[in-house]
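First up is the structure itself, then whatever we jot down about it.
Where a number appears in this text, it was derived from the coordinates with a stated rule and is not lab data. Given the structure is predicted, the values throughout are model-derived calculations rather than measurements. Using ideal geometry, Cβ is built from the backbone for each residue, glycine included, and neighbour counts are taken over all protein chains shown.
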Amino acid sequence: MTIRVLIADDQGMVRTGFTVFLGTQPDIEVVGEAADGREAVTETARLCPDVVLMDVRMPVMDGLAATREIMAAREPPKVLILTTFDLDDYVYEALRAGASGFLLKDASARQLAEAVRVVASGEALLAPSVTRRLIAEFARVGPRRPRARPDGITERETEVLVLVAQGRSNQEIAAELVLSEQTVKTHLGRILAKLDLRDRAQAIVYAYETGLVRPGE
């Protein structure tokens, strides 16, 4: 199945470069480009891509505002934020806006294509440094709500959610809980469905905002 991609960046050379890179992939098709956030919203509604590569700093409307508008649609695409460095100040707000991950603009062609595939499949693309940044931001501004198990999820699912929020990979979670990686994936899928969350990124935000996990733990 071909993954349809829209590239939103105010730099023409970046858009061209990404288009050329992705054009070599048999399972990816670039269906459109946008030079600012407003155009990204318009073209997303018109073209219905599966993934939007979204620059944060753009004229007319920035990438965060554009992501919020795009994610308000009934069936929104996945949004992959483009950034010049992985400790971008927009990490926290971008994830809250609904982004599924981050990609460095200097990523290789292979990394770019793999990032598109990862978010298109419903996974989140969060490097460890990005997860640490998110946790640090919650330590600064996050609410202090009473700790409680979310309604509807089991004790084991709660354990998995806590470890996800701490930035652990599926492999690390499997090792700590003595489970198979497939079982961890199954638990995570059930957690997302029960809590009406889109992906791993949203699960991390949820865990901190509800007080299930607190920074420093």
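A few notes on this one:
- If you take the Cα centroid of the range 110-124 and the Cα centroid of the range 49-104, the two points sit 14 Å apart.
- Around the Cα centre of the range 1-49, unit charges on the Cβ atoms of Lys, Arg, Asp and Glu (plus for the first two, minus for the last two) sum to a dipole of about 100 debye.
- Reducing the range 10-42 and the range 146-207 to their Cα centroids gives an inter-centroid distance of 33 Å.
- Computed over the range 3-66, Kirkwood Rh from alpha-carbon pairs, angstrom: 11.4 Å
- Residue separation of Ala107 and Val162 scaled by 0.36 nm, minus their Cα-Cα distance, works out to 16.8 nm of gained length.
- Cross-link partners for Lys185 among the lysines, with Cα-Cα distance under 26 Å and sequence neighbours closer than 8 places in the same chain left out: Lys78, Lys194.
- Nearest-20 debye value, the range 20-73 charge dipole, Cβ charges on Lys, Arg, Asp, Glu: 160 debye
- On full extension, the segment bounded by Val31 and Ser180 gains 49.8 nm, given 0.36 nm per residue less the C-alpha separation.
- Cα-centred dipole magnitude for the range 3-125, charges only on beta-carbon of K, R (+1) and D, E (-1), debye, nearest 20: 240 debye
- Normalised by residue number, the volume inside the convex hull of the Cα atoms of the range 3-125 is 87 Å³ per residue.
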